[in-house]
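The values are calculated or read from the model by the stated rules, or taken from the named source; none is laboratory data. This one's a predicted model, so the numbers in the text were calculated from it and none came from an experiment. Note that each Cβ is placed from the backbone with ideal geometry, even for glycine, and that neighbours are counted across all protein chains shown.
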Amino acid sequence: MLEKSLVVGEYHIDTSQNSLIHSNRKVYLGPLRTSLLHFLCKNLNTVVTREDLAQHVWGRLVTDHTINQHISQLRKSIGNLSIHGLNISTIPKRGYIARLEGAEVGQPTPLVNKPEAVTTNLKVLVVEGNNGDRDAMVAQLENLNVAYVESAATVEAAEQAFALQDFDLLVIDALLNDTAGIELVKRIRMGETSAVADIRVLVTHFDVQRELLGINSLLDIQGLLLKPLEDSRLKQMLMVASKSAVVLKPQAAYELVPTHVLSKEAALKTATN
């Protein structure tokens with residue numbers, strides 16, 4: 001669990017909102033990258049090793065690839081604020097360092113509590129092969145004041161979107177192209193795509209299928225949305241997802257998830273709906 005929010009020079013790492021704030025601008029980092037930036041900035045202008053990060057941020061052994069991926073996404077998020085003074089540098093064979101010359105690290109001045117905006121900070125990617133369902137889903141998310149929504153019709157288009165944008169939430173048809181949707185989630189958790197491995201995920205399906213519920217649990221998926229989507233259920237699951245933190249299992253655990261058990265009948269039924 002994070003300590004208190006941190007002020008670094010002119011920048012505020014808000015652990016209650018999992019965000020980085022500069023002046024009147026804010027970028028949402030998510031729980032894990034907030035913890036990562038918090039630890040780096042708590043040790044401002046000091047090299048921290050990958051072992052330090054694994055212990056204090058993940059609380060377990062993680063691969064260099066996982067750490068590198070999150071550092072890369074954190075740099076992109078900082079870049080979205082156009083912060084030129086704060087940067088994270090790689091120190092070859094040693095680790096990383098957060099640099100901000102002349103800055104002091106301290107605690108923020110207490111603020112008056114404001115109502116929490118549950119959905120507005122989310123950047124969402126919708127992956128749905130059916131044009132009507134996809135358009136309806138995007139419209140529903142926009143009506144719920146989600147900060148940013150993008151859509152894709154195929155797994156390939158989704159991977160291209162991940163390469164260009166840092167998303168907080170993936171909403172995907174579980175049986176897109178005969179289980180390619182759930183296979184994409186599996187590859188994300190294994191770190192084989194441009195998406196961050198701990199992205200929050202909601203899957204859509206026409207029915208509550210026992211095999212799918214089991215796979216959802218094994219792949220650390222935050223929830224199931226039944227088609228056609230109801231506004232109240234979508235809002236509820238967005239609230240759940242926004243407050244969730246994905247604690248990744250070892251890669252081997254995801255490799256063993258048997259996505260092939262999803263029945264062909266279910267895939268065929270999805271195609272006819």
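Within the range 1-13, residues that are closer than 19 Å to GLN55 by Cβ have Cβ atoms under 7 Å from residues that are in a loop (DSSP other than H, G, I, E, B) and modelled with pLDDT of 80 or more in these pairs: LEU2/THR15, counting only partners at least 6 apart in sequence or on another chain.
Looking only at the range 207-229, which residues are of a type outside the set (Lys, Arg), farther than 21 Å from LEU125 by Cβ and more than 20 Å from the chain's Cα centre (by Cα)?
Step one: list which residues in the range 207-229 are of a type outside the set (Lys, Arg), which gives 207-209, 211-226, 228-229.
Next, from what is left, pick out any that are farther than 21 Å from LEU125 by Cβ: 207-209, 211, 213-214, 217-218.
Once the filter is applied, which keeps residues that are of a type outside the set (Lys, Arg), farther than 21 Å from LEU125 by Cβ and more than 20 Å from the chain's Cα centre (by Cα), the range 207-229 yields ASP207, VAL208, GLN209, GLU211, LEU213, GLY214.
Return a yes/no flag: does the range 145-158 have any residue that is modelled with pLDDT under 90 and either on the phi > 0 side of the Ramachandran plot or of a type in the set (Gly, Ala, Ser) (or both). There is at least one residue in the range 145-158 that is modelled with pLDDT under 90 and either on the phi > 0 side of the Ramachandran plot or of a type in the set (Gly, Ala, Ser) (or both). Taking the criterion of being among the acidic types (Asp, Glu) and assigned to a helix (DSSP H, G or I), the residues of the range 124-160 that qualify are ASP133, ASP135, GLU142, GLU156, GLU159.
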